[in-house]
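Here is the structure we will look at, set down as structure tokens.
The numbers here are math on the coordinates, done by the rules we state, and not lab data. Here the structure is a predicted model, which means the values were calculated and not measured. All Cβ positions, glycine included, derive from the backbone under ideal geometry; neighbour counts span all protein chains shown.
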Amino acid sequence: MGKRKIGKKGVIFHPKLTRGLPVGSVVRCADNSGAKIVRIISVPKFKNRHRQYPAATVGSLVVVAVQKGTPDMRRKILKGIIVRQKQHYRRKSGLWIEYEDNAIVIVSDDGEPKGTEISGPVAREAATLWPRLASIASIII
């Protein structure tokens, strides 16, 4: 019989959203950190079925490899947060949301954004989970 974990620490409520970005996806970087194009290589704390690709959704923390960008950013392994996805997802109010592109924001290990501004809209789900993103976002949808 399994053990009960009462009062788990560090678990963030993540609404049930469609996971539209599997491992291997090439994503545009939406901030001014120096990275332009990144590839998702891992989704930490992702639990799913056996032999299924890990996938991420809006607001998920992912590990990325920089494909294109400034010379000092290229070929680095960094962490990022997904702020937009093309795959539609449903909000609790019944509204279906989808964006024109997939976009990510590069963050440090403790969740602080490396850039100072975000181009384009940021999903409300990502802004509520990560308040520091909301402070530098130009538009929250």
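Values computed for the structure shown
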read-out: Extension gain, Lys86 back to Glu117 (0.36 nm per residue minus Cα-Cα distance, nm); value: 9.0 nm
read-out: Gain in span if fully extended, Asp109 to Val63, counting 0.36 nm per residue against the direct Cα distance; value: 15.5 nm
read-out: Residues of type aspartates and glutamates that Lys114 reaches as a straight line, Cα spacing below 14 Å, ignoring anything fewer than 8 places off in the same chain; value: Asp31, Asp72
read-out: Percent of Cα-Cα distances greater than 21 Å, calculated over the chain; value: 42
read-out: Of Lys45/Lys86; Lys16/Lys76; Lys16/Lys79; Lys16/Lys36, those spanning more than 26 Å from alpha-carbon to alpha-carbon; value: Lys16/Lys76; Lys16/Lys36
read-out: FRET efficiency for Leu95 and Arg49, using Cβ-Cβ distance with R0 set to 30 Å, rounded to 0.05; value: 0.55
read-out: For the chain, built as a Gaussian network whose Cα springs stay under 10 Å, the top-fluctuating residue of Ile82, Ile97, Ile106; value: Ile97
read-out: Amide N of region 57-94 lying under 13 Å from the label point, which is placed 7 angstrom from the Cα of Lys16 along Cα→Cβ; value: 90-92
